[in-house]
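Here is the structure we will look at, set down as structure tokens.
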Amino acid sequence: MHINVIKIGGNVIDYPQKLEEFLFLFSRFPGKKILVHGGGIMATKFGESMGVMPKMVDGRRITDADTLDIVTMVYAGLINKQIVAKLQGLNQNALGLSGADGNSILSKKREVKTIDYGFVGDVININTQLIETLLDEQITPVFSAITHDKHGQLLNTNADSIASELATSLSKNHKVNLYFCFNKPGVLIDEHNDNSIIPLINEEIYGELKKEQLIHSGMIPKLENAFAALNKGVNHVWIGKAENLLLASKGKLSGTIIEKHKYDLY
């Protein structure tokens, strides 16, 4: 089975027109597919309206008990069900899930080292059998960024990490491509200049760019997840603008290709 794991970020979800356009493209994306979504901007707005201010470290959210309630409501509730409803309207049969549903994504609470991330989970197991069954039945799983520890605790989990772990686990028995879609045309040297796109990045180039602080904040976990996926068997990783998703599916260089050491598109 050829599977495409596609992650969409809050910077697209926060804008209704962009989300509508993306979901139309997603519904036309060929083959078996899985959608993973975040929703950080919307969660931040809801939190601020309730007096819960966001705390971020290296692009990752610190999740206390109040924040966990908010992100669960926003990610697994409002955003997830809106996306599923819109996909049904596009004749794309979809099923909205958190990691707790069907024991689909099991995580453990992140250990406290130099930073206490709170109720944040790191993925330790994917229920690939469940996901394969859904895909075989022509049902598209739509995962929110909420997982669980199988002891009754929900955990906020980075959506990029979820996408990467899904792709990695499924790649053991299938050919899997991983797409990170967001509001920029790719990885940029200057985040304020969309023309500064880097078309190809390998681990060596990434190390230099990070050292020179040309890549930072939320792009760091995105690229680290991309390399982790490639090193564990994922066929292809792409980062780019949501509206270029179909171009990427045809092998067009419309974003940033993430490679290990040599260029190998497919």
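Search region 193-220 for residues being small (Gly, Ala, Ser) and closer than 29 Å to residue 62 by Cα, and hand back the single one that is surrounded by the fewest Cβ atoms within 10 Å (Cβ to Cβ). Spell out the reasoning first.
Initially, region 193-220 is screened for residues small (Gly, Ala, Ser), giving 196, 207, 217-218.
Then keep just the ones that are closer than 29 Å to residue 62 by Cα; that gives 207, 217-218.
Details: 207: 11, 217: 13, 218: 18.
My answer is 207.
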Go through region 154-182 and give me each residue that's of a type outside the set (A, V, I, L, M) and over 18 Å from residue 258 (Cβ atoms).
156, 157, 169, 172, 173, 174
Take region 9-43 and flag every residue that is open to solvent by less than 10 Å² (accessible area, probe 1.4 Å) and free of Cβ contacts under 8 Å to residues at least 40 places away in the same chain.
43
Counting only residues that are in contact with a strand residue (DSSP E or B) (Cβ under 7 Å, 6 or more places away or on another chain), open to solvent by less than 70 Å² (accessible area, probe 1.4 Å) and not in a loop (DSSP other than H, G, I, E, B), region 97-119 contains a total of 5
Which of the numbered conditions does residue 171 fail, given that it passes all the others? Conditions: (1) in contact with a helix residue (DSSP H, G or I) (Cβ under 7 Å, 6 or more places away or on another chain); (2) farther than 15 Å from residue 104 by Cβ.
(1)
What is the one condition in (1) open to solvent by less than 40 Å² (accessible area, probe 1.4 Å); (2) in a strand (DSSP E or B); (3) hydrophobic (A, V, I, L, M, F, W, C) that residue 163 does not satisfy?
(2)
Which one of 193, 177 is more than 18 Å from residue 38 (Cβ to Cβ), in a loop (DSSP other than H, G, I, E, B) and of a type in the set (S, T, N, Q)?
193
Looking at region 79-88, is at least one residue within 19 Å of the chain's Cα centre (by Cα) and among the small types (Gly, Ala, Ser)?
no
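Pull up region 221-251, narrow it to residues that are open to solvent by less than 70 Å² (accessible area, probe 1.4 Å) and in a loop (DSSP other than H, G, I, E, B), then point me to the one that is nearest to residue 55 (Cα to Cα). Give the derivation first.
First, pick out the residues of region 221-251 that are open to solvent by less than 70 Å² (accessible area, probe 1.4 Å): 221-223, 225-230, 233-242, 244-246, 248-249, 251.
With the extra rule that they be in a loop (DSSP other than H, G, I, E, B), the set shrinks to 233-235, 251.
Numbers: 233: 34, 234: 32, 235: 34, 251: 38 Å.
Taking the candidates together, the pick is 234.
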I'm trying to understand the selection: among the residues of region 120-154, which are in a helix (DSSP H, G or I) and open to solvent by 30 Å² or more (accessible area, probe 1.4 Å)?
128, 129, 130, 132, 133, 136
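Here is a check on your reading of the model: is residue 73 at pLDDT 95 or above and more than 21 Å from residue 140 (Cβ to Cβ)?
Numbers: at pLDDT 95 or above: yes; more than 21 Å from residue 140 (Cβ to Cβ): yes.
The answer is yes for residue 73.
The values are calculated or read from the model by the stated rules, or taken from the named source; none is laboratory data. Everything numeric in this text was worked out from a predicted model, so none of it was measured. Neighbour counts run over all protein chains shown; Cβ positions are idealised from the backbone, glycine included. In case anyone asks, the SASA skips ligands and DNA or RNA and just uses the protein heavy atoms, side chains included. Shrake-Rupley method; radii C 1.70, N 1.55, O 1.52, S 1.80 Å.
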